[in-house]
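The values are calculated or read from the model by the stated rules, or taken from the named source; none is laboratory data. Computed from a predicted structure; not experimentally measured. Note that we place each Cβ from the backbone using ideal geometry, even for glycine, and neighbour counts take in every protein chain shown.
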Ligand code: AP5
């Protein structure tokens, strides 16, 4: 673990359809390498909960399973990436999700991160999962409001029904995990986010991982990909 945390992992981007396991793996990467997980879905849900201007604009869009317009996201993402905890690297979960967002991110990393993390080209890991498995994962997802741990009613339930194993909080079901909204989210992924994977593939930066495997198995492959690209932190 100490060895893993002494690596400069830089920027890691997790791509994949809704339910692929981006949030699950992003948390594990964060814990292993001591870097923050930055989920635009979580940040937006926080804005919705706090009824900020952005939250009020995003609420209905998210409830329908559509993507929030690109230009509403850039300030939110830039502010988060400028926090000091991102200096040795970070995991982006759910961003970029359109070709325009990918172009914006490349320019941002080049301008603001080249000196900090010594390299700004991100490692992009795409998690592939079959359609039927995605539906099962999304309809069974339960999340802890306190620690953010993600469970699955069918696949890996908590020890006590609907209660977090770690802190005893009551688990919740995301409002966009209803079947008709899930279909819209998967459609948005196919039309708007697939091209992002193609964009990174054309630049030779895409690694694909089989996300149908059990969580630990997927993590093992993801860590291997991260470590194949990571550099040691200078001076350690
Ligand atoms: P967001 O919150 O990003 O949702 P998403 O991309 O739809 O992804 P999910 O969080 O649903 O799935 P995940 O891949 O993280 O899977 P998880 O690990 O939870 O976005 C929500 C909305 O916000 C969007 O629809 C959009 O409106 C807006 N938005 C966000 N970012 C945006 C952007 N950049 N641009 C525009 N709009 C944006 O796992 C799912 C379930 O499967 C869990 O129960 C888990 O326990 C289980 N599981 C995971 N891995 C495995 C495994 N290997 N085996 C068995 N079970 C597993």
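Residues considered: 32, 28. Of these, the only one that is more than 11 Å from the ligand (Cβ to nearest atom), crowded, with 17+ Cβ neighbours inside 10 Å, touching a residue at least 40 places away in the same chain (Cβ under 8 Å) and closer than 30 Å to residue 222 by Cα is 32.
Table: residues versus (1) touching a helix residue (DSSP H, G or I) at 6+ places or on another chain (Cβ under 9 Å); (2) farther than 20 Å from residue 215 by Cα; (3) at pLDDT below 95.
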site: 2; (1), (2), (3): no, yes, yes
site: 13; (1), (2), (3): yes, no, no
site: 16; (1), (2), (3): yes, no, no
site: 25; (1), (2), (3): yes, no, no
site: 65; (1), (2), (3): yes, yes, no
site: 97; (1), (2), (3): yes, yes, no
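For residue 196, the conditions (1) within 30 Å of residue 61 (Cβ to Cβ); (2) free of Cβ contacts under 8 Å to residues at least 12 places away in the same chain are fulfilled apart from (2).
Residue 90 satisfies every condition listed in (1) over 21 Å from residue 184 (Cβ atoms); (2) within 10 Å of the ligand (Cβ to nearest atom) except (2). For segment 154-182, a residue qualifies if it is free of Cβ contacts under 8 Å to residues at least 60 places away in the same chain, buried (at least 17 other Cβ atoms within 10 Å of the Cβ) and more than 8 Å from the ligand (Cβ to nearest atom), and the qualifying residues are 158, 164, 171. Listed by first and then second residue, the pairs with beta-carbon distance under 9 Å, at least 6 apart or on different chains, first residue in segment 127-139 and under 14 Å from residue 152 (Cβ atoms), second near the ligand (Cβ under 8 Å from one of its atoms) and in a helix (DSSP H, G or I), are 129/137; 138/185.
Only residues that are over 13 Å from residue 175 (Cβ atoms) and either without any contact (Cβ under 8 Å) to a residue 60 or more places away in the chain or touching a strand residue (DSSP E or B) at 6+ places or on another chain (Cβ under 6 Å) (or both) were counted across segment 52-82, and they come to 21.
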